[in-house]
Amino acid sequence: MDTRQVLARPYVKRLFLARFISNFGNGMGPIALAFGILALPNGSANLLGLVLGTTTALFLLVAPFGGVIADKYGRARMVGLTDFLAGSVLLIQAWYFAIGDVPVAVLLLVNGAYGVFWGVFWPAFSGVIPAVVPSEGLQKGNALNQLLTNSGLIIGAACAGILIDQYGAATTLAIDAASFMISGVMIYSFRHLTPRAAHSENTVLADLHHGWQVFISFKWIVVLVLSWSFLVMCWAAAENVLGPLIALEHFNGAKSWSLVITAESVGLIVGSIIALKIKPRYPLRFLQLSSFTLTFYIFTMARPQSLFVIAFAAFLFGITLDLWGTFWNTAMQKKVPREALSRVASFDAMGSMMFRPIGLAIAAPLSALFGIENFLYILASVTVVAITLSFLNEQVRNMSFEDLGNDQKSLR
């Protein structure tokens, strides 16, 4: 199935446009929030880590139940609702930044609520693309989704530094919130493609347990999720907390860090184009080897190197992230039983993100204890260990592209 045939499918263009719009906001949001918090009278790296950690902690609590909710009440419906509600609460935060008085409680409540909605959105979205794209077009569909999503991220990240500098964090955060609301309405409009599940006597806990059993039955998923739990911990500490500090201390603040994040986003787009063209013989091995770009990215921050060297490392890591997004999602959609896909995706999300709050929490105190440079070297070393150990699993080393056939099994 070629690209034109995928795009010709009903609702595909609407879905991709919605993802572009919301990720335009996503490209700006983290940068605006980071520099908005650091600019507060009581702002600090510790406060930034606390706020971001609260988002992730609530996400982790909700994600397993989010998969059950998505499977039970309809995936597109839940994606649309959570996008719209997330935008609504983020508008509240933007208003507080606009008036110049942002209580810590507001930051924690708003970003905690965002984490709750994110915990439902992520597993729900895993089942939306298979609803609008047939199985034979899934790799193309995932790659196109990544391409449009990443185009939004790069444009948003590129605009962030300028908007923050010219109009402030509040305006930038308000645009981010509006993008979520628009995207939510667009995706909610085709909720009929993923209808509510047929009535079942199963309890939420029973559905949750079944999803867990499906998840752990795929050993390669478990191994790679565990590996990425450590990689995400290191990535979050380096990019979300220490990166903005390095930009303020050594470079030109928000504009400089916007350049780095924009370079990462450009890498995402290049990764999307590559994913449209290649079929690696051993996709899981290929993906894990490519993950060493994160090691290089963190290493370049440690000195720090020239801003352009850091940006180049971020670009390479962006390629890796996009290749993961395409091939991992394709593997999950083809191998995991369709009726349990959102629940398995929820455990994937929860496992991959479970150490992110730790990374955000330890970034400021441990960098103060060891020094930013030495702590970044420690983080880079952890990524090497996490990637290398995953190759002990035979499926990670040797699962071929041909193995990713449509051999879904029902475990009920």
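The values are calculated or read from the model by the stated rules, or taken from the named source; none is laboratory data. Since we're looking at a predicted model, the values are computed, not measured. Neighbour counts are summed over all protein chains in view; Cβ atoms, including those assigned to glycine, are modelled from backbone coordinates with ideal geometry.
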Can you tell me which residue within the range 150-174, out of those that are polar (S, T, N, Q) and either at pLDDT below 80 or buried (at least 24 other Cβ atoms within 10 Å of the Cβ) (or both), is farthest from Tyr114 (Cα to Cα)?
Asn150
Among the helices (runs of 4 or more DSSP H) contained in the range 197-313, which hold 1 or more residues that are more than 30 Å from Ser367 (Cβ to Cβ)?
204-217, 219-235, 254-277, 283-290
Number of positions in the range 1-33 that are farther than 26 Å from Phe121 by Cα and without any contact (Cβ under 8 Å) to a residue 24 or more places away in the chain
1
Just wondering, is there one or more residues in the range 240-249 that are without any contact (Cβ under 8 Å) to a residue 24 or more places away in the chain and farther than 25 Å from Phe375 by Cα?
no
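Does the range 76-83 contain any residue that is acidic (Asp, Glu) and at pLDDT below 85? Walk me through it before giving the result.
Quick first cut of the range 76-83, residues acidic (Asp, Glu) only: 83.
Adding the requirement that they be at pLDDT below 85 leaves none.
The answer is no, given that none of the residues of the range 76-83 is acidic (Asp, Glu) and at pLDDT below 85.
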Quickly run through the range 129-140 and pick out the residues that are at pLDDT 80 or above, in contact with a Phe, Trp or Tyr (Cβ under 9 Å, 6 or more places away or on another chain) and buried (at least 21 other Cβ atoms within 10 Å of the Cβ).
Val132
Pick from Phe312, Phe292, Phe308, Phe286: which is out of contact with any Asp or Glu (no Cβ under 6 Å at 6 or more places or on another chain), modelled with pLDDT of 85 or more, within 13 Å of Gly267 (Cα to Cα) and surrounded by fewer than 24 Cβ atoms within 10 Å (Cβ to Cβ)?
Phe312
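Grab the helices (runs of 4 or more DSSP H) fully contained in the range 58-147, keeping just those with 3 or more residues being of a type in the set (Phe, Trp, Tyr) and touching a residue at least 12 places away in the same chain (Cβ under 8 Å).
Hits in the range 58-147: 75-99, 104-125.
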Could you please find all residues in the range 92-109 being surrounded by fewer than 17 Cβ atoms within 10 Å (Cβ to Cβ) and closer than 16 Å to Ala178 by Cβ?
Ile92, Trp95, Ala98
Cβ-Cβ below 7 Å, separation at least six or inter-chain, first residue in the range 34-49 and in contact (Cβ under 8 Å) with a residue 24 or more places away in the chain and among the aliphatic types (A, V, I, L, M), second crowded, with 19+ Cβ neighbours inside 10 Å and outside any helix (DSSP H, G or I): which pairs?
Leu40/Val102
Return yes when Val62 is within 17 Å of Ala169 (Cβ to Cβ) and modelled with pLDDT of 85 or more and no when it is not.
no
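Could you tell me whether any residue of the range 253-265 is touching a residue at least 24 places away in the same chain (Cβ under 8 Å), charged (D, E, K, R) and closer than 23 Å to Gly152 by Cα? First the steps, then the outcome.
Within the range 253-265, the first condition is being touching a residue at least 24 places away in the same chain (Cβ under 8 Å), and the residues that meet it are 253-265.
If we keep only those that are charged (D, E, K, R) too, we end up with 255, 264.
Now drop any that are not closer than 23 Å to Gly152 by Cα, which leaves 255, 264.
Looking for residues that are touching a residue at least 24 places away in the same chain (Cβ under 8 Å), charged (D, E, K, R) and closer than 23 Å to Gly152 by Cα, one finds at least one in the range 253-265, hence yes.
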